[in-house]
1. Could you please rank THR81, THR22, placing first whichever residue has the fewest other Cβ atoms within 10 Å of its Cβ?
2. Would you kindly calculate the translational diffusion coefficient of the stretch 249-320, applying Stokes-Einstein with the Kirkwood radius from alpha carbon pairs, for 37 °C and a viscosity of 0.692 mPa s, and quote it in µm² s⁻¹ without decimals?
3. Working only with C-alpha atoms, what are the Rg and Dmax values of the stretch 50-203, expressed in angstrom?
4. Note down the Stokes-Einstein diffusion coefficient of the stretch 203-344 in µm²/s, whole number, using a Kirkwood radius over alpha carbon pairs, 37 °C, and 0.692 mPa s.
5. Highest first, please rank the peptides 264-271, 159-166 by the mean number of other Cβ atoms sitting within 10 Å of their residues.
6. What's the angle, to the nearest 10 degrees (0 to 90), between helix 16-25's Cα axis and the longest principal axis of the chain?
7. Pull up all non-local amide H partners of SER235: gap of 5 or more, or a different chain, and H-to-H distance under 5 Å with H placed in the peptide plane.
8. How large is ³J(HN,Hα) for each residue in the stretch 173-178, as worked out from phi by the Karplus curve 6.51 cos²θ - 1.76 cosθ + 1.60 (θ = phi - 60°), to whole Hz, x for Gly and Pro?
Amino acid sequence: MKKIRIAQIGTGHDHAPAAIQTLKNQSDLYELVGFAIVPEDSLNTQTASYENNKAFYEGVPQMTVEEILNDSSLDAVCIETEDRALTKYAILAAQKGFHIQMDKPGGISGEEFDTLIDLVKQKNLVFHTGYMYRYNPAVLQLKQDIADGRLGEILSVEAQMNCNHVLEKRDWLGNYPGGMLYYLGCHMIDLVYSIMGEPQKVVPLSCSSGVGSTTAQDFGMVAFEYPHGVSFAKSTAIEVGGFERRQLVVVGTKGTVELQPFEWFDAEHPEIHVAQTTGIRECFSENWHEKGAVRTSEVHGRYIAMFRMFAEYVRGNKQNPFSYEYERALHKLLLKSCAADLEK
């Protein structure tokens, strides 16, 4: 089967090194033509700069953006610029008719994101965003259980994704409305929205911890009101041990499922790119002292399934379950959650 010819635009997103490495590893699916550095990449210097991650790009030709956009032999483009520029370069790629894998969450302009969605929809292009938890096997099983009615009527979802970032990284969050909620909380908002749908009310709660003199909103949180309760998404950049407490809890009338730690890197499996496992606790008993069944998911690659599914969508073998309108509505909900101006 013919390989998908793809190039990567941008090196400034935190997931850019993982994206290029995954494309290299999946040489059975992709022919990686090259990558381009864009001016906006320099805005994120703390973790994602090309200079700090050169090893990931070894063996991949460096090109200009113009060379990539003018290569009519390409099938798809992977957009991995610094967050603010994602939508800008995705629009340029869509105008050329390329299928698009764009990292999350899609820029800070609601109007620009609308333009992108209208364009990919008009051209019938695959538009796939880098919410890698959509492919976490524990999440997939949980969503299937919900669809099958195993948890009963869903009352609430609690989702959090925390870290303990250095001051420089927390100051960088000040470039975005909602700060940490925009940067990483978008993953959790995606999970809440995909399970609960559109909320009746959105209550932004992000703030600055002020620790280390930062003024950025490094404590991100939003509450969503639904008919049967309140769900929330939380993402902080100043929680010691926060990575291990990444958590998703779904509460239904028949049972509760908790994923925690939502992800934990497994260093014993270096052959799997960014190997991780998920802790799972399921409780379906009304006994107050019931601890529930506890197990751990199989080891899986954080980005492997995501890029393999993108290939399936590009080839037309499968339909992307996350529609154009889902992505549009999710982005609007993210901006509302971050108290951003949707008209910008």
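1. Numbers: THR81 31, THR22 23.
Fewest-to-most Cβ neighbours within 10 Å comes out as THR22, THR81.
2. Details: Rh = 14.5 Å.
In µm²/s, the coefficient rounds to 227.
3. In Å, with Rg to one decimal and Dmax whole: 18.2, 53.
4. The Stokes-Einstein estimate is 177 µm²/s.
5. Averaged packing, sorted descending, gives the order 159-166, 264-271.
6. Once rounded, the angle reads 70 degrees.
7. Residues meeting the amide H criterion: MET161, GLY220, MET221.
8. Result, rounded to whole Hz: 4, x, 6, 10, x, x.
No lab work stands behind these numbers, since they all come straight from the coordinates. Please read all numbers here as calculations on a predicted model, not as lab measurements. Neighbour counts run over all protein chains shown; Cβ positions are idealised from the backbone, glycine included.
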